[in-house]
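Each remark here refers to the structure printed beneath this line.
Quick note: the coordinates plus some simple rules give every number you see, no bench work behind them. Everything numeric in this text was worked out from a predicted model, so none of it was measured. Positions of Cβ are generated from backbone atoms using ideal geometry, with glycine treated the same way; all protein chains shown enter the neighbour counts.
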Amino acid sequence: MAREKMRIDDDSLREQILSKADIKRARRQEKKLKKFGIRDESKMGKVERFFYLQQKKRRIKRKKRISRSLGGDIALFIVLALFGSFSAYPLIYTIFAAFKPLNELFIYPPRLFVQNPTLDNFTDLIMLMEESWVPFSRYFFNTIFITLAGTVGHVLIASMAAYPLAKHKFPGSKLLFALVVYSLMFAPQVTATPSYIIFSTIGLIDSPWAIIIPAFSSSLGLYLMKQFMSDIPMELIESAKIDGANEFQIYWRVVMPLVKPAWLTLIILLFQRLWNNDGGTYIYSEQLKPLSYALHQIVNAGVGRAGTASAVILIMMIVPISVFILSQTQIIETMAHSGMK
Amino acid sequence: MKFSPTLYVLLMILFASASFFIITKINQKKKQFASKYPNLSRSERLERMKQERLEFAQAKKEMRKAIKIKKQEWKEEDKRNDEIARANVLALKAEVEESKAVFEKVKAEYFADKENPELEALYLDTMKKHDRLCQKLRIEKDRISLIRRIERWSKRGGRLRRELFIKRQYYYLVTPYALLFVIFTVIPVAMSLILSFTYFNLLEFPTWVGWENYMRLFVDDKVFIIAIRNTLILAIITGPLSYLSAFVFAWLINELRPRLRAFMTLIFYAPSISGNVYLVWKLIFSSDMYGYANAFLLNYNFIDEPILWLQNPKYIIWIIMLVQLWLSLGVSFLAFIAGLQSVNRELYEAGAIDGIKNRWQELWFITLPQMKSQLMFGAVMQITSSLAIAEVATQLAGFPSIEYAGHTIITHLMDYGSLRMEMGYASSIATILFFMMIGANLLVRKVLRRVGS
């Protein structure tokens, strides 16, 4: 609104009528409106309105809170700062250690911050890549392949199964979901032994697929997806059905665009799991091992490789964290639906 | 498979339970009958019962006969219809080919001379006819297609069969996931239950040994007792503590402004997401004086010589615990943050009017009851992860660790499962862990459910 007004007035008029303070206030108003994003609801389509209303609900919630004391606020700040620094200390240490020259890594007393930052550790890493028996880029490629294939497949397959489980009833649906909830209750390591037998009978041992295919059926992903999907209005699905779409088309064209926050969550959860997977007992060929395995080797090499190790740790750390930073609000939106009864 | 006493006992139990089931069923029927005819004497009632049973059996027999006849009829009818449809398809195919030839000819003529209105009319006419024929063929083809046959079959049975057919599209969508889930989760659990009663080394066929694996676990295997003790210590301390800290930090963060809140969320969540960064703790707790912990203590004169943190069994488990706590603000933490954000704000205002004075009262009376489902989810995630501590232990304390100080059930399982290849024994360890996890989860769920009410 403010923008329209300003556009209509020509420059001379604006100078006469509006003082500088007025213009500033108008700009601030405009910014606020932009941030809040109030738009005309009647002109929107069904899908757009659904999203818009959700967003609006979330934004309006942010009001000033009541029954708070100043002492409590200060205590809160202190506690958060204390535990936050405990949580962040190793991460900060890693970041700085990656840029420390060797003499600073082994200095007494050790310092957290770096004095003379160098890129020596990274150049060492590149040297090591060229010298080692299996080229280092191969480890990178393996990890990226496992992570990408596993994540994409998991998001597709889990959301495909989650849609009918969330929005329709059919014989067996309750049983399947109950099994999924029960499988959340034990760690996957429990089934490691029989899984090994199954893999060796199928012939998946010593191939990246031994890690990728089980990742497709991760139960946490399906659970979160299903909980998120059950909030989609049924009218949307029904109107698509009346327009002649079959279930697959509804899933792909209507439901999938609506649950974007949920995919991002599945992506980050699985991404982190696969990115850090070291192949375990399923992969034993050196050229098929992922990066995490190489990292363990370097760290276990001891003092001589301390700098290189921290460079690799930094690389391993930065990727999942940046994925999380990019998708944080969406992930939290998904988690709001994670409740269990 | 040898005929061992344990098998004998199992069979006995099976037989006893089956007979018990049957007897209770019969008693139930008798009671039903008594309430149905309260005026008759016992003998009369028994006679009546017998008679009714006979009638029922007769009716069943007749029904079966009728069904058989009907099925035969259907079969013949289907055969007839299929033959007719097939003949139709063949005839139509020939017709379509003929009309196609005609249509092509007309088309070529029309394209040669596009200005001629007569040719245009003829072209449109033949096109319409051809299309209609093609559609007819399609319909006839559909009539003999596989899906129609399955539909016919689905109509001639119970309700379930029909439902399965009508909702088939949902099954298409669920099948890939369900298949993988069954292969990689359901079957392994069942297999590990069965294998735990056998001796299996991957090379020979498994032999049945009964309860021997379990006996060996609890009587002979001293390391397993250590592993159970370590796991329980780790789980009992890190589980509740991490659960509480996840909630408390989520709650504290929720008081901040959005920007700062996002930043703090990142700081607390980053350790669990960045995976291998916990290897840094190895450097912090390294046993020479260059390690941070030692350097700090030496610098302020708490100790005179460096402590061997990761080699001394006294410290190992506490260090694992610390690192695990550092790693533990994971999915449940995010769920709590999201849950706190979705609490209805109007309730806080209403509460303030009703006399809630500080944030503690607000937390107890308004926030917690509304977050019950997230609390449940968080509990499940936290229990599972705290009972499954393994990787941190093996990476920090080594495998096997000194005096088994960092040995947990999962590392014991890995030892037998992937190093010694005693699959049966490993399965029995896995089975015990499985029941421990499920039991702890169900227990905590029951307790949590009761808290609010």
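Label positions at B:D131 and B:L40, each projected 7 Å from the Cα along the C-beta direction, are separated by 7.1 nm. Here B:S287 and B:A190 are evaluated by their C-beta separation; at R0 = 45 Å the FRET efficiency comes out at 0.50. For region B:1-119, the orientation-averaged shadow of the C-alpha convex hull comes to 22.2 nm² (one quarter of the hull surface).
Using the Karplus relation 6.51 cos²θ - 1.76 cosθ + 1.60 with θ = phi - 60°, the per-residue 3J(HN,Hα) values for region A:273-282 come to 5, 6, 4, 9, 5, 9, x, x, 8, 7 Hz, with x marking Gly and Pro. Quotient of the Cα radius of gyration of region A:182-341 and 2.2 N^0.38 Å, N being its number of residues: 1.32. Can you work out the PRE-style zone for B:V248? Point 7 Å along Cα to Cβ, and I want the residues of region A:76-92 with backbone N under 20 Å. The answer is A:76-90, whose backbone nitrogens lie closer than 20 Å to the label point. Going from the fewest other Cβ atoms within 10 Å to the most, the residues B:L195, B:L10 appear in the order B:L10, B:L195. Pairwise Cα distances in region B:379-453 exceed 13 Å for 69 percent of all pairs. Using a Förster distance of 30 angstrom, determine the FRET efficiency expected from the C-beta separation of A:S230 and B:V182, and round it to 0.05. For R0 = 30 Å, the calculated efficiency reads 0.80. Look at A:S338, B:S99, B:S19, B:S342 and count the other Cβ atoms within 10 Å of each Cβ; fewest to most, that gives B:S19, B:S99, B:S342, A:S338.
Taking the helices alone, chain A has a mean residue ellipticity at 222 nm of -22000 deg cm²/dmol, built from -39,500 (n - 2.57) per DSSP H run of at least 4 residues and averaged over all its residues.
Hey, in the GNM for chain A with a 10 angstrom Cα cutoff, which one of A:I202, A:I157, A:I126 fluctuates hardest? In this elastic network of chain A, the residue with the biggest mean-square fluctuation among A:I202, A:I157, A:I126 is A:I202.
Across A:E48, A:E286, A:E104, mean-square fluctuation computed from a Gaussian network of chain A (C-alpha pairs under 10 Å connected) peaks at A:E48.
Each distinct pair of alpha carbons in chain B adds a 1/r term; the inverse of their mean, the Kirkwood radius, is 31.2 Å. Spread over its residues, the convex hull of the C-alpha atoms of the protein assembly as shown is 347 Å³ per residue. When chain A is modelled as a GNM with alpha-carbon springs shorter than 10 Å, which of A:G280, A:G307, A:G45 fluctuates the most? Result: A:G45 has the largest fluctuation of those listed.
Note on B:H130, A:H168: ascending count of other Cβ atoms within 10 Å places them as A:H168, B:H130, the fewest first.
Where q = 0.15 Å⁻¹, what log10 of I(q)/I(0) comes from the Debye formula for region A:70-118, counting one point per Cα? Taken in order of the listed q values, log10 I(q)/I(0) reads -0.52. You can think of it this way: the chain between B:I226 and B:Y8 has 75.1 nm of extra reach, that is 0.36 nm per residue less the Cα-Cα gap. How many angstrom lie between the Cα centre of region B:46-116 and the Cα centre of region B:133-192? One Cα centre to the other: 20 Å.
Put the Cα centre of region A:84-124 next to the Cα centre of region B:307-327 and the gap is 22 Å.
Close amide H pairs (under 5 Å, H built 1.01 Å from N) link B:T198 with B:V209, residues at least 5 positions away or on another chain. Residue pairs exceeding 20 angstrom between C-alpha atoms, taken from A:K167/B:K372; A:K241/B:K128; B:K50/B:K70; B:K93/B:K136: A:K167/B:K372; A:K241/B:K128; B:K50/B:K70. With both labels modelled 7 Å from their Cα along Cα-to-Cβ, the A:V152 to A:M129 distance reads 2.3 nm.
How high is the FRET efficiency from B:F302 to A:I107, r the C-beta distance, R0 30 Å, rounded to 0.05? E between B:F302 and A:I107, to the nearest 0.05, is 0.90. Between A:A301 and B:M421, the modelled labels are 3.2 nm apart [label points 7 Å from Cα along Cα→Cβ]. Near B:K282: Cβ cut-off under 15 Å, other residues only, Lys/Arg at +1 and Asp/Glu at -1. The net charge is -1.
Entry note, chain B: relative contact order of 17 percent, from Cα contacts under 8 Å with a spacing of 6+ residues. Peptide B:141-149 is shielded by partner chain Cβ atoms: per residue, an average of 0 of them sit within 10 Å of its Cβ.
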